[in-house]
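See below for the structure under consideration.
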Ligand code: CNA
């Protein structure tokens with residue numbers, strides 16, 4: 001390749017990297033340079049762009065699709081024309097050892113591999129709109145993949161096995177436990193993204209093009225009934241908590257828990273006995289609700305029946321105020337033709353009359369959960385950056401796909417020398433953890449406790465079962481856990 005050509009493609013490889021990442025992440029730099037994605041809860045990267053609105057938007061969504069191929073890495077690496085998993089891991093390692101320039105020089109530039117194939121080593125599926133094009137067309141995408149890889153925290157080589165994880169647990173005194181919806185699914189509360197069972201799959205089946213819209217604050221203001229129609233599924237109907245909640249409580253009882261950052265809104269941590277000073281509910285919770293018009297704040301128990309019935313809850317205080325302002329005003333006729341003159345009910349909770357115009361104009365009650373587009377509680381940032389970052393000695397991430405910013409960036413702002421462990425059903429390919437433990441989190445924490453010699457008590461832990469742990473093929477520190485009935 002002529003020097004001029006090399007310089008040209010190198011430029012084309014690098015320039016869009018910056019440009020597209022700007023588009024990808026519109027993030028603020030937070031505090032002293034630590035990037036936790038600003039203060040507002042964000043939808044999955046790129047998905048705020050509505051698809052197909054114009055060419056640029058639809059092109060972006062294709063890029064997103066290509067970049068997210070890593071999610072189904074097994075399928076990607078099995079394809080013809082793609083790197084094998086072993087090759088992919090070797091390329092990634094090599095990139096870190098020799099750096100970007102040298103890596104490119106000895107691969108694509110030297111002609112030992114095409115950019116299209118090398119993309120697959122970084123979890124990128126060559127998009128269909130580049131099919132049949134010259135290899136140079138894949139350079140920008142390869143640039144993105146390389147940039148993403150180099151931004152990842154580097155795994156600590158000394159921690160690899162499940163017993164390493166157990167030793168870390170036993171010696172740590174300041175553990176950050178970062179949890180997501182996966183720790184409550186065993187109680188029948190669906191998560192967001194599990195295929196088939198997650199809320200997003202259910203909403204897609206209902207024809208919603210972007211299920212995240214349910215939790216979008218501007219849409220809630222426009223039409224709260226969409227949110228109310230699904231909120232009942234996440235709202236727990238009992239105070240039961242899972243064995244994983246009990247495990248976090250156990251860490252607290254052993255004075256090992258620094259903070260439980262939870263993205264969950266089901267409020268079950270409190271029922272499990274996690275102390276308020278140890279708990280950050282990053283996305284708020286269903287514990288209380290606030291009127292979006294007048295700010296009246298109530299315990300969610302007050303609107304529980306409406307929530308459970310999928311009915312938009314209105315503000316009692318607004319209703320009272322409206323009635324005081326226009327005491328003799330006429331009431332709307334109800335749809336069944338009655339005059340609507342029957343006695344006004346004492347409170348909204350007792351009312352079943354959807355046609356009540358006072359109620360219809362009263363403010364809507366919004367449970368105090370953080371919607372996309374809303375700020376996270378200040379406590380989240382203060383605790384993480386002003387307190388925990390200097391103290392943490394182990395990070396345990398459980399039952400989250402780590403796709404919602406800024407919580408997804410917590411692991412990136414903690415000192416990279418602090419070990420990080422991951423427990424979930426699916427691997428999380430955009431973060432480099434030291435040990436991945438895959439399977440049902442209740443099963444995994446049960447096994448960790450057994451190996452640690454800790455007595456984890458919970459009615460859902462079956463006594464007569466043993467847990468099979470297997471190292472996943474092709475990986476040095478990724479394990480699958482399964483219950484084997486004995
Ligand atoms: P998510 O994106 O749906 O990810 C959940 C992750 O947990 C996935 O990777 C699953 O594979 C995994 N998982 C599911 N069940 C299990 C299990 N039994 N054992 C191990 N892993 C499991 O949800 P995230 O928590 O990552 O996303 C954050 C959102 C989800 C937050 O904003 C929450 O408000 C929201 N959410 C909360 C709840 C709740 O409070 N229970 C329910 C649904 C959604």
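Results, tabulated for the structure shown:
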{"read-out": "Count of the stretch 174-200 residues which are over 15 Å from the mean Cα position of the chain (by Cα) and within 15 Å of the ligand (Cβ to nearest atom)", "value": "6"}
{"read-out": "Residue match in the stretch 441-463 (condition: under 21 Å from residue 88 (Cα atoms), surrounded by fewer than 23 Cβ atoms within 10 Å (Cβ to Cβ) and in contact with a strand residue (DSSP E or B) (Cβ under 8 Å, 6 or more places away or on another chain))", "value": "no"}
{"read-out": "Filter result for residue 409 (more than 17 Å from residue 194 (Cβ to Cβ), crowded, with 16+ Cβ neighbours inside 10 Å and in contact with a helix residue (DSSP H, G or I) (Cβ under 9 Å, 6 or more places away or on another chain))", "value": "no"}
{"read-out": "Qualifying positions in the stretch 121-136 - crowded, with 23+ Cβ neighbours inside 10 Å and assigned to a helix (DSSP H, G or I)", "value": "121"}
{"read-out": "Which listed residue is modelled with pLDDT under 95 and surrounded by 17 or more Cβ atoms within 10 Å (Cβ to Cβ), from 178, 219, 150", "value": "219"}
{"read-out": "Residue 241 being out of contact with any strand residue (DSSP E or B) (no Cβ under 9 Å at 6 or more places or on another chain), surrounded by 15 or more Cβ atoms within 10 Å (Cβ to Cβ) and either modelled with pLDDT of 95 or more or assigned to a loop (DSSP other than H, G, I, E, B) (or both)", "value": "yes"}
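A quick yes/no check of all residues on (1) in a loop (DSSP other than H, G, I, E, B); (2) over 21 Å from residue 401 (Cβ atoms); (3) touching a helix residue (DSSP H, G or I) at 6+ places or on another chain (Cβ under 9 Å):
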| residue | (1), (2), (3) |
| --- | --- |
| 138 | no, yes, yes |
| 147 | no, yes, yes |
| 157 | yes, yes, no |
| 168 | no, yes, no |
| 186 | no, no, yes |
| 189 | yes, no, yes |
| 194 | yes, no, yes |
| 220 | no, yes, yes |
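Residues checked against (1) over 30 Å from residue 243 (Cα atoms); (2) surrounded by fewer than 15 Cβ atoms within 10 Å (Cβ to Cβ); (3) at pLDDT 95 or above:
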{"site": "285", "(1), (2), (3)": "no, no, no"}
{"site": "321", "(1), (2), (3)": "yes, no, no"}
{"site": "325", "(1), (2), (3)": "yes, yes, no"}
{"site": "337", "(1), (2), (3)": "yes, yes, no"}
{"site": "342", "(1), (2), (3)": "yes, yes, no"}
{"site": "346", "(1), (2), (3)": "yes, yes, no"}
{"site": "358", "(1), (2), (3)": "yes, no, no"}
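The values are calculated or read from the model by the stated rules, or taken from the named source; none is laboratory data. Small disclaimer: the values here were computed from a predicted structure and weren't measured. Cβ atoms come from the backbone with ideal geometry, glycine included; neighbour counts cover every protein chain shown.
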